[in-house]
1. I need the full set of residues from region 31-46 which are assigned to a helix (DSSP H, G or I) and touching a strand residue (DSSP E or B) at 6+ places or on another chain (Cβ under 7 Å), in order please.
2. How many residues does region 31-45 contain that are open to solvent by 50 Å² or more (accessible area, probe 1.4 Å) and within 9 Å of the chain's Cα centre (by Cα)?
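The values are calculated or read from the model by the stated rules, or taken from the named source; none is laboratory data. Everything numeric here is computed off the predicted structure, so don't read it as measured data. When we count neighbours, we look across all protein chains shown, and the Cβ atoms used for this are built from the backbone with ideal geometry, even at glycine. Each accessible area value is taken on the protein alone, full model and side chains, heavy atoms only, with ligands, DNA and RNA left out. Shrake-Rupley method; radii C 1.70, N 1.55, O 1.52, S 1.80 Å.
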Amino acid sequence: MQTEISLGELARELDINKSKLAYYQVIGLLKPIKCIGRMGIFDKKKTLSVIKKIETEKKKGKKLKEILKI
């Protein structure tokens with residue numbers, strides 16, 4: 001069963017800036033499972049996994065454009 005979560009809730013849980021997650025969504029790294037109005041709703045487990053992968057790749061020195069291709 002999926003647990004649905006908004007970017008704002010994710011940002012609070014992870015203690016990171018919501019605008020950072022919103023940017024990841026805009027460039028295509030994070031994809032909502034549905035939208036309610038203009039608010040994206042995400043699968044919590046999948047999105048946390050993607051964010052972890054993004055942060056790991058950034059620590060390795062990769063740019064977001066490179067991460068998009070992974």
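1. Just the residues of region 31-46 that are assigned to a helix (DSSP H, G or I), to begin with: 44-46.
The answer is LYS44, and nothing else.
2. Our first condition is that a residue be open to solvent by 50 Å² or more (accessible area, probe 1.4 Å); within region 31-45, this holds for 31, 33-39, 44-45.
The next check asks that each one be within 9 Å of the chain's Cα centre (by Cα); those that pass are 31.
Number of matching residues: 1.
For every residue, the table says whether it meets (1) assigned to a helix (DSSP H, G or I); (2) open to solvent by 100 Å² or more (accessible area, probe 1.4 Å).
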| residue | (1), (2) |
| --- | --- |
| GLU13 | yes, yes |
| TYR24 | yes, no |
| LEU29 | no, no |
| ILE51 | yes, no |
| ILE54 | yes, no |
| LYS58 | yes, no |
| GLU66 | yes, no |
